[in-house]
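Here is the structure we will look at, set down as structure tokens.
The values are calculated or read from the model by the stated rules, or taken from the named source; none is laboratory data. As the structure is a computational prediction, the values presented were derived from the model and not from experiment. All Cβ positions, glycine included, derive from the backbone under ideal geometry; neighbour counts span all protein chains shown.
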Amino acid sequence: MDTDSLRPADIGSIAAIALSVVGGLVALPALPAEVTIHWAADGSPNTGLPVLPGIFVIPAFAVLAFVSLRGGAFFHGRNAELRPTTGLAVVAGVAYLQVALITLNLGVAVSPVVAVAPAVAVIIVATYAERFGAAGGA
């Protein structure tokens, strides 16, 4: 592992993932035995998992996104796919989905589409900004 290539935004990405894990563990006692991890467009739950694996699904995706998009820090000779700040935006967006998952499973009355929209917007804006040269490195 080449930690010399880690940037402050990469550390922020790792912190966002860690916070999503901590958030899931803190909410664990209040969550139902089976958590919904996917909802239909009409807001009805359609995919569930037992609570323990359910709270780790999204942090696992965030780790995969980080390693895939900023993998140069972990795999010698592999270039990062995104700049550190864009990587942070993507990972933070995915980690935010953990907040939405927990909130929705705690029974907060909000449309799942509305709950995930901020994450989708951040990920799309960040990746398109980098693609068209508007995002800076950190």
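Could you list all residues from the range 6-48 that are in contact with a Lys or Arg (Cβ under 9 Å, 6 or more places away or on another chain) and outside any helix (DSSP H, G or I)?
Kept after step one, since they are in contact with a Lys or Arg (Cβ under 9 Å, 6 or more places away or on another chain), are these residues of the range 6-48: 6-7, 9-10, 13.
Matches in the range 6-48: Leu6, Arg7.
Would you check which residues across the range 85-113 are of a type in the set (A, V, I, L, M), at pLDDT 85 or above and surrounded by fewer than 21 Cβ atoms within 10 Å (Cβ to Cβ) and list them?
Val99, Ala100, Leu106, Val108
Hey, any hits in the range 60-69 for a residue that's modelled with pLDDT under 90, surrounded by fewer than 14 Cβ atoms within 10 Å (Cβ to Cβ) and within 24 Å of Ser111 (Cβ to Cβ)?
No, the range 60-69 contains no residue that is modelled with pLDDT under 90, surrounded by fewer than 14 Cβ atoms within 10 Å (Cβ to Cβ) and within 24 Å of Ser111 (Cβ to Cβ).
Going through the range 13-59 one residue at a time, which ones are more than 15 Å from Ala92 (Cα to Cα), aliphatic (A, V, I, L, M), surrounded by fewer than 14 Cβ atoms within 10 Å (Cβ to Cβ) and free of Cβ contacts under 8 Å to residues at least 24 places away in the same chain?
Across the range 13-59, the qualifying residues are Val26, Ala33, Ala40.
Is the range 32-50 home to any residue that is of a type in the set (Ser, Thr, Tyr) and at pLDDT below 85?
Checked against the condition, which is being of a type in the set (Ser, Thr, Tyr) and at pLDDT below 85, the range 32-50 yields at least one hit.
Filter the range 114-136 down to residues that are of a type in the set (A, V, I, L, M) and over 18 Å from the mean Cα position of the chain (by Cα) and give me whichever is surrounded by the most Cβ atoms within 10 Å (Cβ to Cβ).
Ala135
Check whether at least one residue in the range 4-12 is touching a helix residue (DSSP H, G or I) at 6+ places or on another chain (Cβ under 6 Å) and more than 14 Å from Leu88 (Cα to Cα), and report yes or no.
Yes, the range 4-12 has at least one match.
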